[in-house]
Amino acid sequence: MSATAVPPPPSSPSVPTPSTGSSVEATPGTRRVLGQLVRLEARRHLRSPLLWLALPVCAWWVWELGRQPWSGAWYQALPNTFTPLLVVVSVLVARSFHRERAPYAETAPVGQDVRATARLLGTWPVVALIAVATAAGATWLRRTGGVDLGDEPGRTLHAHFTLPELLQPLCLVVLAVALGAVVGRRLPALAGGVLVLALFWLFVGGLSWAFQSAEVTSFSVVQTQPVKVGVGPLDSDPTAFPDTWLLSAPGEYQAYWGRLVVSAALAFWHDLWLLALATVAAACSYDGRPRWRGVALGVTVAALAVVMQLRVIP
Amino acid sequence: MTPFAAGAAVVPVVRSVSWWPLVGVGTLVLTATGFADATLEGVAAGRFGLLGSAGVVSAAVSAAVDPAEELLDPLPLASRLRQGMRQASQLVVALVVALVALEVTGAGGGGGLLALAVVAVSLTLVVPARLVRPAAGVPLAWVALDLFVGPRFEALAAWREHPWAVATAGVALAVLVHHLLDRLPGGLR
């Protein structure tokens with residue numbers, strides 16, 4: 001009886017070997033695992049009651065804005081209404097990344113970079129949710145003719161957000177994801193991390209009006225427009241200003257006549273600033289070379305974005 | 001357990017506490033209140049102080065969660081007593097930071113914060129483990145709701161206007177929850 005050669009096993013899908021290296025190995029198996037992990041994370045986020053609790057809170061906040069008597073309430077405060085959702089997104093992502101700290105994560109069949117990438121990409125449903133909400137809001141404003149802005153005699157009832165302003169909520173949710181990632185991955189106590197994230201978003205989102213002065217707005221997180229430029233003292237004749245100007249009348253918090261300027265360029269560079277911050281934060285949730293590359297890229301773009309904001313601010 | 005044993009356990013229990021949450025939240029709060037003090041005035045700055053001090057108190061109460069608790073099981077000390085020691089040690093520091101934040105920003109409400117701390121600690125001592133973190137968040141959640149939706153729901157101002165009543169009601173609620181959970185079959189705790 002002759003010994004026959006044992007045929008090789010049928011080609012099986014390549015299974016990625018356990019790896020703790022810092023590079024994402026782009027084998028077909030790794031891509032398949034990445035896809036599965038992304039779907040798993042996405043399902044987990046969508047099943048969270050916190051996410052669905054935040055939506056009616058945001059809607060209530062928007063509805064409450066409609067009851068505000070002051071001109072420009074919608075235009076100036078609408079970006080703040082995403083704050084509850086941003087808190088929840090950060091917390092969900094922090095919970096997800098905190099699982100990386102469990103000892104059994106080291107025995108997973110793919111490296112931590114693949115897992116981190118999957119956790120980040122798995123947030124696509126919440127990003128899509130914000131995109132849909134923003135698009136729906138913009139469409140609704142187009143159909144209803146816009147919102148009021150400015151004080152008589154320089155006032156309009158048909159103000160619309162510029163495209164970079166509409167993109168700000170998307171950039172904010174990307175930042176919320178990145179901050180959740182770095183806090184969940186790097187802080188040892190999740191309870192403390194959640195509190196840090198909640199406080200951060202309440203400060204920069206809920207109290208965003210405190211960060212809108214000309215000196216600070218370039219470094220703010222939630223930026224609200226228009227920018228106010230002083231054009232005359234308290235006793236100025238407002239009818240002497242050009243008809244095309246939107247005006248802000250003197251009041252309890254302002255002892256001068258101001259001109260309201262909406263700057264799409266400022267909003268664009270601010271969006272880039274947010275994405276740069278998100279890059280730095282997301283990079284810090286990785287180990288090794290990707291981290292330092294991401295930090296270097298993020299810091300460079302952030303510096304450019306700040307300089308450009310300071311140049312274009314009215 | 002003798003008072004001597006309890007006293008001897010204070011140091012190892014306090015050493016087992018993770019101080020990072022309090023340090024992280026405290027740094028954020030002091031930075032924010034410093035910014036508010038430099039750039040804002042009156043009620044506007046006070047909002048930063050109130051929110052920040054509530055966050056610090058919540059961070060201290062969240063010391064109820066300790067991953068190293070099992071290591072201290074050999075101590076002749078009840079789990080709840082250890083939890084109380086951890087929270088008390090952090091609350092001492094947290095209340096100092098909170099009072100600084102309130103003082104710097106000119107906001108009142110120190111008594112109210114103390115009442116919310118009592119409520120949160122009482123709840124964390126009696127609720128099931130999975131609800132301890134949400135219970136620790138009560139001070140921050142209540143103050144945030146009061147700041148952002150308070151004008152619509154005046155009852156939310158109770159923590160500022162009637163701190164004694166809030167603290168008493170919180171302790172009574174905790175006692176009630178404790179008795180209800182003990183009577184329920186199936187070991188909800």
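Values in this text are rule-based calculations from the coordinates and carry no lab data. Computed from a predicted model, the values in this text were never measured in an experiment. For neighbour counting, all protein chains shown are included, and Cβ atoms are generated from backbone atoms with ideal geometry for every residue, glycine included.
Kindly indicate whether residue A:274 is assigned to a strand (DSSP E or B) and crowded, with 16+ Cβ neighbours inside 10 Å. Before you say what the answer is, go through the steps one by one.
Working: assigned to a strand (DSSP E or B): no; crowded, with 16+ Cβ neighbours inside 10 Å: yes.
Answer is no for this residue.
Could you identify the single residue in A:247, A:310, A:260, A:304 that is in contact (Cβ under 8 Å) with a residue 60 or more places away in the chain and assigned to a helix (DSSP H, G or I)?
Details: A:247 fails: assigned to a helix (DSSP H, G or I); A:260 fails: assigned to a helix (DSSP H, G or I); A:304 fails: in contact (Cβ under 8 Å) with a residue 60 or more places away in the chain.
Just one listed residue meets the conditions, A:310.
If we keep just the residues of the stretch B:5-19 that are closer than 18 Å to residue B:62 by Cα and of a type outside the set (A, V, I, L, M, F, W, C), which is surrounded by the most Cβ atoms within 10 Å (Cβ to Cβ)?
By that ranking, first place goes to B:18.
Would you confirm whether or not the stretch B:90-110 contains a residue that is closer than 18 Å to residue B:23 by Cα and without any contact (Cβ under 8 Å) to a residue 12 or more places away in the chain?
Yes: the stretch B:90-110 contains one or more residues that are closer than 18 Å to residue B:23 by Cα and without any contact (Cβ under 8 Å) to a residue 12 or more places away in the chain.
Could you go through the stretch B:7-18 and let me know if any residue there is free of Cβ contacts under 8 Å to residues at least 60 places away in the same chain, assigned to a loop (DSSP other than H, G, I, E, B) and of a type outside the set (Gly, Ala, Ser). Give the derivation first.
The initial filter retains those residues of the stretch B:7-18 that are free of Cβ contacts under 8 Å to residues at least 60 places away in the same chain, namely B:7-8, B:11, B:15, B:18.
Subsequent filtering for residues that are assigned to a loop (DSSP other than H, G, I, E, B) retains B:18.
With the extra rule that they be of a type outside the set (Gly, Ala, Ser), the set shrinks to none.
Scanning the stretch B:7-18 turns up no residue that is free of Cβ contacts under 8 Å to residues at least 60 places away in the same chain, assigned to a loop (DSSP other than H, G, I, E, B) and of a type outside the set (Gly, Ala, Ser).
Name the pairs: first residue in the stretch B:67-82 and in contact (Cβ under 8 Å) with a residue 24 or more places away in the chain, second residue of a type in the set (D, E, K, R) and part of a loop (DSSP other than H, G, I, E, B), Cβ to Cβ under 9 Å, at least 6 apart or on different chains?
Once the first residue is in contact (Cβ under 8 Å) with a residue 24 or more places away in the chain and sits in the stretch B:67-82, its partners that are of a type in the set (D, E, K, R) and part of a loop (DSSP other than H, G, I, E, B) give B:72/B:66; B:82/B:66.
Go through the stretch A:121-230 and tell me which helices (runs of 4 or more DSSP H), entirely inside it, have 3 or more residues that are more than 14 Å from chain B (Cβ to nearest Cβ) and over 24 Å from residue A:87 (Cβ atoms).
Numbers: elements: A:124-144, A:163-186, A:190-201.
Answer list for the stretch A:121-230: A:124-144.
Name the residue, out of B:44, B:32, B:36, that is surrounded by fewer than 17 Cβ atoms within 10 Å (Cβ to Cβ), facing chain A (nearest Cβ under 7 Å), small (Gly, Ala, Ser) and over 20 Å from residue B:81 (Cβ atoms). Walk me through it before giving the result.
Numbers: B:32 fails: surrounded by fewer than 17 Cβ atoms within 10 Å (Cβ to Cβ); B:36 fails: surrounded by fewer than 17 Cβ atoms within 10 Å (Cβ to Cβ).
Testing whether each residue is surrounded by fewer than 17 Cβ atoms within 10 Å (Cβ to Cβ), facing chain A (nearest Cβ under 7 Å), small (Gly, Ala, Ser) and over 20 Å from residue B:81 (Cβ atoms) leaves just B:44.
Go through the stretch B:132-147 residue by residue and tally those that are facing chain A (nearest Cβ under 7 Å), over 17 Å from residue A:205 (Cβ atoms) and crowded, with 24+ Cβ neighbours inside 10 Å.
1
Just to be sure before I move on: is residue B:23 within 13 Å of chain A (Cβ to nearest Cβ), in contact (Cβ under 8 Å) with a residue 60 or more places away in the chain and either within 16 Å of residue A:189 (Cβ to Cβ) or not in a helix (DSSP H, G or I) (or both) in the structure I sent? Show your work before the answer.
Numbers: within 13 Å of chain A (Cβ to nearest Cβ): yes; in contact (Cβ under 8 Å) with a residue 60 or more places away in the chain: no; either within 16 Å of residue A:189 (Cβ to Cβ) or not in a helix (DSSP H, G or I) (or both): yes.
Spelling it out, it is not the case that residue B:23 is within 13 Å of chain A (Cβ to nearest Cβ), in contact (Cβ under 8 Å) with a residue 60 or more places away in the chain and either within 16 Å of residue A:189 (Cβ to Cβ) or not in a helix (DSSP H, G or I) (or both).
Identify all residues within the stretch A:121-167 that are of a type in the set (D, E, K, R) and surrounded by 20 or more Cβ atoms within 10 Å (Cβ to Cβ); write none if there are none.
To start, the set of residues in the stretch A:121-167 that are of a type in the set (D, E, K, R) comprises A:142-143, A:148, A:151-152, A:155, A:165.
Correct list: A:151, A:165.
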